[in-house]
1. Quick one: how many residues across the stretch 39-57 are within 12 Å of residue 16 (Cβ to Cβ) and under 11 Å from the mean Cα position of the chain (by Cα)?
2. Return a yes/no flag: does the stretch 81-88 have any residue that is out of contact with any helix residue (DSSP H, G or I) (no Cβ under 9 Å at 6 or more places or on another chain) and over 17 Å from residue 116 (Cβ atoms).
3. Checking the structure you have, find out if any residue of the stretch 88-106 is under 14 Å from residue 12 (Cβ atoms), surrounded by fewer than 17 Cβ atoms within 10 Å (Cβ to Cβ) and either touching a strand residue (DSSP E or B) at 6+ places or on another chain (Cβ under 7 Å) or in contact (Cβ under 8 Å) with a residue 24 or more places away in the chain (or both).
4. Considering (1) at pLDDT 95 or above; (2) touching a strand residue (DSSP E or B) at 6+ places or on another chain (Cβ under 7 Å), say which one residue 133 fails and leave the rest.
5. Sort out which residues of the stretch 77-133 are under 15 Å from the mean Cα position of the chain (by Cα) and in a helix (DSSP H, G or I), and write them in order of number.
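The values are calculated or read from the model by the stated rules, or taken from the named source; none is laboratory data. Just so it is clear, the structure is predicted and the values come from calculations on it, not from any experiment. Note that each Cβ is placed from the backbone with ideal geometry, even for glycine, and that neighbours are counted across all protein chains shown.
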């Protein structure tokens, strides 16, 4: 079962917790055991699984990504001026696979699923594909 979701980002760089939305879609699918793939169809955004208990983790991740991939660099050539967002999206990846057990995403105690915006604010979308064993 494939679900299509939309969201609006509000900053150039942000990590939006979509764990509850993904869990609700998994439950709605009726699939008890299998996998869910959370996929981002954008070249300047991605999907990550990481800690969702301490908001400082999001801050630290985004800070370090900015240090590794600065917004401006004298050697960048991409005409749109958003090379850093493409590099961050490549690093994060376009999707995450989550085990579905008992109709819920099998995540660790501190884990959450994030939509990672690197070129906002924008209207964005993502997909959740739920498949049975």
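1. Number satisfying all stated conditions: 5.
2. Of the stretch 81-88, the ones out of contact with any helix residue (DSSP H, G or I) (no Cβ under 9 Å at 6 or more places or on another chain) are 81-83, 85-86.
This time we only want the ones that are over 17 Å from residue 116 (Cβ atoms), so: 81.
Looking for residues that are out of contact with any helix residue (DSSP H, G or I) (no Cβ under 9 Å at 6 or more places or on another chain) and over 17 Å from residue 116 (Cβ atoms), one finds at least one in the stretch 81-88, hence yes.
3. From the stretch 88-106, those under 14 Å from residue 12 (Cβ atoms) are 88-89; that's our starting set.
Retained after the next criterion (residues that are surrounded by fewer than 17 Cβ atoms within 10 Å (Cβ to Cβ)): none.
No, because not a single residue in the stretch 88-106 is under 14 Å from residue 12 (Cβ atoms), surrounded by fewer than 17 Cβ atoms within 10 Å (Cβ to Cβ) and either touching a strand residue (DSSP E or B) at 6+ places or on another chain (Cβ under 7 Å) or in contact (Cβ under 8 Å) with a residue 24 or more places away in the chain (or both).
4. The failed condition is (1).
5. Scanning the stretch 77-133 gives 85, 86, 87, 88, 89, 90, 91, 92.
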